1. Need a quick list: strands (runs of 3 or more DSSP E) entirely within the range 5-64 having at least 1 residues that are among the aromatic types (Phe, Trp, Tyr).
2. Filter the range 7-16 down to the residues that are touching a residue at least 12 places away in the same chain (Cβ under 8 Å) and exposed (fewer than 12 other Cβ atoms within 10 Å of the Cβ) and list them by number.
3. Can you tell me how many residues in the range 15-63 are over 13 Å from residue 5 (Cα atoms) and β-branched (Val, Ile, Thr)?
Amino acid sequence: MDVRIGDLLEMKKPHPCKGNKFLVLRSGMDFKLHCTTCNHEMMVKRSKIEKNIKKIIRKEDNNV
């Protein structure tokens with residue numbers, strides 16, 4: 001799955017704060033995610049995240 005830094009992930013299950021959108025701060029074997037609702041940052045295993053992604057919202061670069 002192609003998840004890049006700066007992508008916004010909409011997840012199937014919500015965070016305890018009821019938000020389900022997370023900003024990707026770091027990717028690799030695990031992801032560092034930032035909850036857009038409560039500003040909480042967390043590290044989560046890649047396998048767990050890829051299983052729960054509903055939609056990837058990518059910011060397109062138009063600087064060409």
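1. Ranges flagged: 21-26, 30-35.
2. As a first pass, look at the range 7-16 and keep what is touching a residue at least 12 places away in the same chain (Cβ under 8 Å): 7-13, 15.
Result: 12, 13.
3. 5
None of the figures in this text is laboratory data; all of them are computed from the coordinates on show. Because the structure is predicted, anything quoted here is derived from the model rather than measured. A quick note on method: Cβ atoms are made from the backbone with ideal geometry, for glycine too, and the neighbour counts reach across all protein chains shown.
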